[in-house]
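Readers should treat all values here as calculations from the given coordinates under stated rules, not as data from a laboratory. All figures in this text were calculated on a predicted structure; none of them were measured in a lab. Reconstructed Cβ throughout: ideal geometry from the backbone, glycine too, with neighbour counts over all protein chains shown.
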Amino acid sequence: MMSKLTEFYSHRKALAEHEEKSLLNELTWSAMEDKLIQEEILPEVVEALAPVLRSVQSPLSLHVDYTPQGTLSVSFHRNVAQKLLSDVPLDDICNTDDAGVSDAKAPSIVSAEGSEATAEGQQPEEKKAARMKIRVTTPEGKEIFYNTVWFTLRDVVLYAGIGRVQALGLKEAGVPLVSDHLEDSDYAKAQHEIAPGVYLFTNTSTPTKLKELTTINEKLNLGLTIKTE
């Protein structure tokens, strides 16, 4: 029996041969695909990962990069700092950064009084700021917002029109923001297909994505309201 997602792709391919590509169609297809992935794929991923992760005794966040061409990579970071002193309130412990705590660097701990205790001879470090997110509102009142910022960038590109954004010629690290091909380098892993044969480059920081969104908005006179939070 075909899964709902498989049926979705089959139906989408059949209709694509007869209907003209439009912004409304692309946004509709993307929304339907996201819903099916969330309902059908993510539960299976959780079920498959649960037995593997049972031996891990620290809280982790996993990040999965997948492309239909067959590449798959998984990375992780600690999403909660370890409680290293029993008398330190959990709320007072600094979060580790995305790369985790390296062997060459002692972890810093915020004491109950609010001062930072560090290894002898090291200077106290500032707490890491919360990860910035971007919220976009269209003139029609539609909100575009995701915890994963490149999803927000993707939806704005679809809203603006893939061809119009590609014509702006935006590039980062020599790679086009919107391209009709995958790069012959490691950067290909950071190109995500957002429409058949169209790839969005996402290997950039959130401030850079904010700059790209602002440029798209201003150059194409979209009238978007872009806010960070």
Burial order of peptide ranges 151-158, 60-67, 171-178 (average beta-carbon count within 10 Å, highest first): 151-158, 171-178, 60-67
Kirkwood Rh in Å, taken over all unlike Cα pairs in segment 158-229: 12.7
Only four residue types carry charge here, +1 at the Cβ of Lys and Arg and -1 at the Cβ of Asp and Glu. Report the dipole size of segment 4-55 about the Cα centre in Debye, rounded to the nearest 20. 140
Quote the convex hull volume per residue of segment 30-69, based on C-alpha atoms, as a whole number of Å³. 99
Largest-first principal axis extents, alpha carbons of segment 4-55, Å: 51, 18, 12
Dipole of segment 134-228 (Lys/Arg Cβ +1, Asp/Glu Cβ -1, origin at the Cα centre): which of Thr225, Leu213, Val198 lies farthest to the positive side? Thr225
